[in-house]
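Worksheet for the structure shown next.
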Amino acid sequence: MKSRRINVNVPFITRLEGEGALELVARGDEIERLHLKIFEPPRLFEKFLEGKSYEDIPDLNARICGICPMAYQLTSILAIEKLFQVKVSAKVTQLRRLMNLGEWIQSHALHIHFLAAPDFLGFDHALAMAKAHPDVLKRGMQIQEAGNSLMTLLGGRSVHPVGLQVGGFGRFPSPESWQQAALKVNQALPLAEVLLRWAAALPLPDYSHDFLWVSLKDTSDYPINGGEIVVSDGTRLSHEQYQAHFAEHQVRHSTALYSLFEGKDYLVGPLARLNNNVAKLPKPIKALLKELGVKFPNTNPFTSIVARCVEIYMALLEAQTILAQPCPQGEASVKVQPRAGQCCCCTEAPRGMIYHYYELDEKGRVVKCSIIPPTSQNQARIEQDLRQSVARFGLSHSDDELKRFCEQVIRNYDPCISCSTHFLDFSILRH
């Protein structure tokens with residue numbers, strides 16, 4: 001049969017952060033090649049951090065991502081504090097977690113309402129969806145505003161915050177801003193239950209299949225900045241063991257490195273976290289999930305939208321508890337004494353686990369470093385998910401139908417392609 005090459009090009013990326021391409025080569029009903037291509041030139045963050053002081057690293061790392069800057073800041077801070085043997089107060093630790101919760105809320109709310117919801121409600125984009133479902137976008141903006149208020153409370157602004165530093169914060173918030181943030185959270189909390197009920201009722205397609213998932217797991221709390229690395233096959237690792245078990249490699253079709261665990265692709269992100277930590281959820285959320293018939297662990301990537309709704313509800317509940325306490329006062333940071341050596345840390349960004357490694361000299365300047373974002377860890381998993389899901393969806397569908405389906409599969413991961421380097425140019429070759 002004569003081969004027929006079909007090129008479908010999207011001139012700009014819709015409902016994803018960053019740019020990329022997908023190449024699908026098929027012969028009959030068989031997929032011969034499927035590549036998620038990342039083609040933006042390397043951003044060289046690790047290289048231009050070399051020679052920089054530990055004091056500058058957090059603010060520079062914030063520029064890796066405009067949606068989850070705080071996660072990149074705090075991962076580097078926690079790694080360096082290990083090396084410098086810095087012990088911050090319990091209040092600082094709690095406030096850092098509060099800021100993390102705000103970032104989770106704003107990131108998840110944006111993805112759910114503006115990027116993912118059009119897929120499940122039958123629209124090409126959020127503006128078209130707004131005419132038929134204005135309540136959906138209004139809810140998303142109200143919830144996101146609560147997250148923004150927490151970021152601003154502790155970081156001075158909601159994008160690229162500046163309040164974090166090695167040793168604590170630049171300052172504590174004012175009682176007035178503390179009360180304003182509490183009000184925003186209290187107003188958003190009832191919407192979180194409505195959101196979870198809404199997501200549980202969506203007509204999600206079932207493309208369940210076996211795969212590995214990886215996240216942190218803490219002994220007491222739902223993990224953000226604490227706990228060991230846990231893999232769904234039972235492996236448990238310290239942060240220092242990361243490089244011995246996870247390895248990046250270059251592929252010909254992408255400028256972004258691919259990460260594998262013991263040679264296998266794996267999932268990070270809300271679904272992975274919830275699969276590993278469902279027992280750590282607050283009782284009201286467990287009861288609601290039982291009422292709705294939603295169960296975790298779950299191996300259907302399309303349920304990632306439900307996992308994000310669960311985490312928003314959890315984050316707002318915990319934020320409300322913290323903000324019910326008096327506004328913190330006193331010293332917001334402790335003194336820091338630089339030391340030479342190596343350090344690393346893993347935390348949970350909204351999109352999944354981040355790994356940072358640093359080697360510093362005696363003045364606390366970076367000798368070398370490695371930063372592995374969630375999306376780069378998910379890239380191999382996205383390709384394997386596409387391969388299995390497209391085969392089940394059926395290659396008999398038109399090119400436009402295949403393109404839309406592939407974009408939906410990729411959006412399940414909420415990839416921040418621009419974080420790792422930089423969807424969707426699409427080409428399919430049929431034989």
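Read-outs throughout are calculated quantities, based only on the coordinates presented, and are distinct from any laboratory measurement. No experiment lies behind these values; they were computed from the predicted model shown. So basically every Cβ, Gly included, is an ideal-geometry build from the backbone, and we count neighbours across all protein chains shown.
Normalised by the number of residues in the range 352-391, the average gap of Cα pairs under 8 Å and 6 or more apart makes the relative contact order 34 percent. In this Cβ point-charge picture (+1 for Lys and Arg, -1 for Asp and Glu), the range 34-101 has a dipole of about 260 debye about its Cα centre.
If you take the square roots of the eigenvalues of the alpha-carbon gyration tensor of the range 45-123 and sort them as a ≥ b ≥ c, do you get rounded (a/c under 1.5), prolate (a/b over b/c) or oblate? Note, shape of the range 45-123 comes out oblate.
So, R0 is 60 Å and r is the distance between the beta-carbons of V162 and R430; what FRET efficiency does that work out to, to 0.05? Don't jump to the answer; show the numbers that get you there.
Numbers: r = 52 Å, r/R0 = 0.87.
Efficiency, rounded to the nearest 0.05: 0.70.
Cβ crowding within 10 Å, taken as a proxy for footprinting-reagent exposure, orders C327, C65, C344 from fewest neighbours to most as C327, C344, C65.
Considering only alpha-carbon pairs that sit under 8 angstrom and 6 or more positions apart, the relative contact order computed for the range 210-298 is 29 percent.
If packing is taken as the average number of other Cβ atoms within 10 Å across a peptide's residues, how do 370-382, 22-34 rank, most packed first?
Output ranking for 370-382, 22-34: 370-382, 22-34.
If I stretch the segment between H249 and N186 completely, what's the gain in nm (0.36 nm per residue apart, minus their alpha carbon distance), one decimal?
Details: separation 63, 0.36 × 63 = 22.68 nm, distance 4.54 nm.
Full extension from H249 to N186 adds 18.1 nm.
How big is the antiparallel share of DSSP beta bridges in the range 185-322, given as a percent to the nearest 5?
85
Kindly state, to the nearest 0.05, the FRET efficiency for T219 paired with K131, given R0 = 41 Å and r defined as their beta-carbon distance. Step by step, r from the Cβ atoms, then E = 0.30. Phi angles of the range 291-306 translate, via the Karplus equation with coefficients 6.51, -1.76, 1.60 and θ = phi - 60°, into HN-Hα couplings of 4, 7, x, 9, 10, 10, x, 9, 10, 9, x, 5, 7, 4, 5, 5 Hz per residue; Gly and Pro are given as x.
With runs of 4+ DSSP H residues as the only contributors, calculate the mean residue ellipticity of the chain at 222 nm using -39,500 (n - 2.57) per run, divided by the residue total and rounded to the nearest 500. List each step's numbers first, then the result.
Details: 15 runs with 187 residues, N = 431.
Taken over the chain, the calculation gives -13500 deg cm²/dmol.
Using Cβ point charges alone (K and R +1, D and E -1), the dipole size of the chain about the Cα centre works out to roughly 260 debye. Pull up the cross-link candidates among the lysines for K91, meaning alpha carbon to alpha carbon under 24 Å and not fewer than 8 places away within one chain. Cα-Cα hits under 24 Å: K82, K184, K217, K280, K335.
Considering only DSSP states other than H, G, I, E and B, which trypsin sites (Lys or Arg not before Pro) in the range 184-281 qualify as loop sites with at most 10 other Cβ atoms within 10 Å?
R252
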